[in-house]
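The values are calculated or read from the model by the stated rules, or taken from the named source; none is laboratory data. Treat the numbers as computed from the prediction; the structure is a model and nothing was measured. Cβ atoms come from the backbone with ideal geometry, glycine included; neighbour counts cover every protein chain shown. The protein model used for the area step is the full one, side chains on, heavy atoms only, and it has no ligands, DNA or RNA in it. Shrake-Rupley method; radii C 1.70, N 1.55, O 1.52, S 1.80 Å.
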Amino acid sequence: KMATVKLTELFRQNRFTSNDNRFNMRPVYVNPDFVVCLREDIQTLKMLQEGDSSLPEGLDSRHEFTKLHINSGNSSFDITVVGSPDTVEEKLSASRNTLLKG
């Protein structure tokens, strides 16, 4: 069984299929083994602090965002998730620890 961690992804609608330029949120399941790098997503944080209307409702000004760089061998990509890098890293590490004990 692949151990995944459930996070909340902040994503923009596909610009090719939609004129809607707003962000949405959805659950995303990440395999911690493929996460190469975590970094604070300052750009999204700045948008939140400036009250950018393209962000989803329900986000709090205290929310932080983390950009995850995921590499699965033949492809690599970045996703933005809700949570500080420390929080996200804790979730990713916790799933590894559980795996080792079990």
Added length on full extension, which subtracts the Cα-Cα distance from 0.36 nm per residue, H69 to D20: 15.1 nm
Nearest-10 value in Å² for the accessible area of R39, using the 1.4 Å probe: 100
25 °C / 0.890 mPa s Stokes-Einstein diffusion coefficient of the chain, Kirkwood radius on C-alpha pairs, µm²/s: 168
Residue-level accessible surface for I42, protein heavy atoms, 1.4 Å, Å²: 100
For the stretch 18-77, Kirkwood radius (reciprocal of mean inverse C-alpha pair distance, Å): 13.4
Accessible-area composition of the chain, carbon plus sulfur, in percent [1.4 Å probe]: 48
Gain in span if fully extended, A94 to D52, counting 0.36 nm per residue against the direct Cα distance: 11.8 nm
Heavy-atom surface of the chain, accessible at 1.4 Å and reported per residue (Å²): 68
Dipole magnitude of the chain about its Cα centre (Cβ charges: Lys, Arg +1; Asp, Glu -1), debye to nearest 20: 400
Accessible-area order (highest first, 1.4 angstrom probe) of the listed residues S72, S84: S72, S84
Most mobile of L92, L59, L68 in a GNM of the chain (Cα contacts under 10 Å): L59
